[in-house]
1. Test of understanding: ordering A:289, A:152 by Cβ neighbours within 10 Å, fewest first, what list do you get?
2. Once you have the Cα-Cα distance between residue A:217 and residue A:308, take 0.36 nm times their residue separation minus that, and quote the gain in nm to one decimal.
3. Would you mind checking the tilt of helix B:34-43 against the longest principal axis of the Cα atoms of chain B, expressed as 0 to 90 degrees and rounded to 10?
4. Normalised by the residues of the stretch B:350-452, what does the relative contact order come to in percent, with Cα pairs under 8 Å and at least six apart?
5. Using alpha carbon centroids, what distance separates the stretch A:398-427 and the stretch B:259-317, in Å?
6. So what is the relative contact order of the stretch A:7-131, in percent, for Cα pairs below 8 Å that sit 6 or more residues apart?
7. Restricting to DSSP H runs of at least four residues, report the calculated mean residue ellipticity at 222 nm for chain B, -39500 (n - 2.57) per run over all residues, nearest 500 deg cm²/dmol.
8. Across the residues of B:228-235, average count of Cβ atoms on other protein chains within 10 Å?
C-alpha cells in the first residue's frame with residue numbers, strides 16, 4: 001500500500017538525524033520507494049538530507065535524485081563530492097535523468113562530475129543529451145533502449161536482448177533497425193512469445209510505428225503519446241536513425257504542467273511557482289499581472305472621469321459600476337477558458353472562427369436575457385429611477401454579448417498569430433472587459449437619463 | 001509520422017461518402033490509426049460515420065469506438081444493430097473499454113448487446129466491471145492481464161504466458177499470484193530474459209509491489225501512478241486477490257481532466273464542457289457562477305448605496321471603484337490558485353496553515369507597497385484631492401493584504417472541511433473580495449475626507 005508522509009514521520013526522522021542514529025534512520029527509510037524518500041527530502045534542510053543520502057545504497061540514491069525538482073537537485077549535488085556523485089548517482093541513473101541532473105549544475109561542477117564517470121560511453125551519452133533543448137524530444141529522451149536488427153532470427157534476438165537488458169529497468173518495446181541503424185518498427189514481446197524461434201525479426205515486426213525527430217517540442221511529444229496511447233515513443237535523427245526513446249512517465253508531468261500553466265496564466269501568475277518558493281520568487285511571478293491590472297484600473301478611472309458630471313447628478317449610477325465590470329470579466333473569462341482548453345486539447349475541431357463566434361453569441365444571448373431580466377426585475381422593485389433600471393439591464397446585456405465575443409475571438413486570434421492564447425485569459429481579458437463594459441454602461445446611462 | 005486532420009481531408013472523405021465510393025473511402029483511411037479515425041468521426045454526422053465504420057475491419061472498428069467520447073459512443077452504437085456491435089466491437093475490445101462503451105447505453109440496449117456476446121466469460125467480465133463506480137479503481141481497470149503462479153518454473157511460466165498473451169495487446173508487467181489468486185508481486189520480462197528457465201517464479205519475483213483496492217478513487221489511482229512512475233497498477237479485492245490492472249493511458253486522461261477541472265472552476269464553469277457542446281449545455285455550465293456574480297454585484301451595489309451621499313459630494317471617489325474591486329479580485333485569485341494547485345499536486349508539504357498565511361502576508365506586503373506606492377505617485381500628479389490620493393493608496397494596500405489572506409485561507413479551510421478547494425477560486429472569491437474591498441475603500445474615504 002502506498003506510503004503517506006506524516007508530521008510524526010518527519011519528527012522521527014529528524015530525531016534520528018539529531019542523535020546521529022544511523023540504524024534508526026535506515027530502518028525508517030527501509031521499506032520506502034525512492035519517490036517517498038524524495039518527498040521526505042522536501043521537508044528537510046540540506047544537511048539533514050545529506051545525512052540520509054549517505055545511508056542509501058547507490059541505486060536508491062540515484063532514483064531519489066531522479067525524483068527531485070531541478071532546483072533541489074542542483075542544491076543537493078553541490079554539497080556532495082563530485083567523485084561520489086559520479087560514481088553513485090550518475091552511473092546508476094538512466095541517461096535522461098543523469099543529463100537532467102548534471103544540466104541543473106553550473107559548468108564547472110558539470111565538468112568535474114563528467115570527468116569522474118568511468119564508463120566513457122555513458123559520459124558521451126550524457127553529454128549528447130545535454131546538447132538538446134530541454135523542452136524538445138531530444139531533451140526528453142533516454143538512450144537506454146533495446147534494439148534488434150531486422151535480419152536476426154528470434155534466437156539471436158533473444159540472446160542480444162539479454163545483453164542489452166542488463167542496463168535497462170523496464171522493457172516496453174523492442175525496436176527493430178536496419179543495418180544503417182534506421183528505425184523500421186517494433187516487435188512486441190507478445191509476438192516473440194507466440195512465434196517460432198527460427199523466424200526472422202522482420203517477419204514479425206510491426207512497421208506501423210510512430211516516431212518523432214529530436215527537435216519536436218515537448219508539447220508535440222505529449223500530444224502524440226496522449227492521442228495514440230503510447231507508453232514509449234522512439235526518437236530519430238533527420239535521416240531516420242534511432243537515437244533514443246521517451247517514456248510516458250516523463251510526459252505525464254508535461255501534460256499536467258501544461259494544463260496547470262493555462263490555469264496559472266488565467267489566475268495572473270506568470271511563472272511556474274509553488275507556495276514553498278521564496279517570497280521574492282512569488283512576488284516576481286505575481287506582480288506583472290497586478291501591474292497590468294493597476295494600469296487597467298487607472299484607464300477605467302479615466303473612462304469614469306469623462307462621466308464625472310453625470311455621476312455627480314445621478315450618484316446611484318455608481319452603485320452598479322462593480323456589477324457591470326465584474327460580469328463583463330466573468331463572462332469573458334468563461335468564454336476564453338473554453339477556447340484555451342479546446343486549443344490545448346485539440347478538441348476545437350476544424351470548424352471556422354465564424355461558426356464558433358456564432359455559437360458563443362447564442363450562449364451569450366441566452367445568458368444575457370436571463371441575467372439582465374433578473375436585474376431588471378430586481379431594480380424595478382428597489383430602485384426609484386426607471387432610467388437606472390433600464391440602463392443597468394441594457395448595459396448588462398450588451399456587456400455580456402461583447403465580453404463573450406471578445407473572450408472567444410482574442411484567444412483564437414492569438415493562436416493564429418502563434419502567441420500563447422492563455423495570455424488572453426485572466427487579468428488581461430478582465431481588464432479589457434472592465435474598460436469596455438463601463439464605457440458602454442456610462443454611455444447608455446447618459447443617453448437614457450437624457451431621454452427619460 | 002503523425003497524421004494531421006485537415007479540412008481538405010474531411011472534404012475528400014465527405015465526397016467519397018456522398019458518391020458512395022467505398023474504395024476511395026477505404027483508401028483514405030487505410031494508413032490511419034484508430035485515434036485518427038475517431039478524430040474524423042467528430043467532424044461527421046452519424047450516418048457518415050456509420051458508412052465509414054462499415055468499411056473497417058473488426059479490430060480497427062473496436063479501437064475507434066474505444067477512442068470516442070462517451071456521448072459519441074452511445075449515439076453511435078444506437079444506430080448499429082446489437083448483433084454487429086456485440087460481434088465486431090465488444091469481442092475485440094479490452095474489457096474496460098467494452099464496459100465503458102456498453103455502460104454509455106440505456107439498459108435495454110445493454111442487455112441486447114450482452115446477450116449477443118458469445119464468449120460467456122467475456123460477457124461476465126464486462127458485467128463485473130460495469131458494477132463498479134466509474135470513478136473508482138474498479139471502474140478503471142481491465143481484466144486482461146498476464147498472471148503466473150509463484151510455484152511455476154520459468155518454463156511453465158513462459159508456456160502459460162503464451163496462452164494468456166493471445167488475448168492481450170501489450171504486456172507491461174507479469175503478475176505473480178499464490179494458489180489463492182492473491183497478488184504477491186511482479187516478475188519483470190527483463191528478469192525472465194536474464195534468468196535460467198529452471199528457476200521458480202517466486203525466486204525472481206519482485207514482491208515490493210504497489211496495488212490499490214477496487215474502491216480507490218480515480219484521483220488516488222492517478223496520484224499513485226504519477227508519483228511512482230507506474231505504467232500499470234494492479235487492482236485487488238478486499239482480501240488481496242488480483243482482479244485487474246489499470247494502464248497509464250487511462251490515467252493520463254484523468255490527470256489532465258483534473259488539472260483542467262480546477263481551471264474550469266476558476267473560470268466559473270461548473271461542468272466539463274467543450275466548445276462543441278450544445279448551446280443549452282454551455283449555458284447550463286456557465287449560468288450558475290454568473291448568477292452568483294450577479295448576486296455579488298447586487299450586494300456590492302448595496303454597500304455603495306450606504307455611501308450614496310459621499311459619492312454625490314465627492315464623485316471622483318467613484319473613479320477608483322473598479323480599480324479597487326479588480327485588484328482585490330486579481331490578488332485573491334492568484335493566492336487561491338497557488339494553494340489549489342499545491343493541494344492538487346500534493347506539493348504544499350506538511351507545514352502549518354499559520355506558516356502559509358505568514359508567507360502569503362509577506363508577499364502581499366511587498367506587492368501592496370509597490371502597487372499602492374505607484375498609484376500614490378500617479379494620483380499625486382493627476383488628482384487635485386489629497387484625500388482621494390491617500391484614500392486610494394491606503395485602501396489598495398488594505399485590499400491586497402486582505403484578499404491575499406482570504407485567498408489563502410479559504411481553500412485551505414475548504415480542503416480541511418473535505419470540500420473541493422477549487423470552489424474557492426474564480427467568481428466566488430472575486431465577488432467576496434469585491435464586496436469587502438469596496439467596503440474598505442468607501443469607509444477609508446469617508447474617514448479621510450472627514451479629516452482632510
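1. A:152, A:289
2. This chain segment gains 27.5 nm when fully extended.
3. Rounded to the nearest ten degrees, it is 50.
4. Here the relative contact order equals 32 percent.
5. 18
6. Computed value for the stretch A:7-131: 21 percent relative contact order.
7. Value at 222 nm, helices only, nearest 500: -20500 deg cm²/dmol.
8. On the way: counts 8, 14, 2, 7, 1, 0, 0, 0.
Mean partner-chain Cβ count within 10 Å for B:228-235: 4.
No value in this document is a laboratory result; all are computed from the given coordinates. Everything numeric here is computed off the predicted structure, so don't read it as measured data. We place every Cβ from the backbone using ideal geometry, glycine too, and count neighbours over all the protein chains shown.
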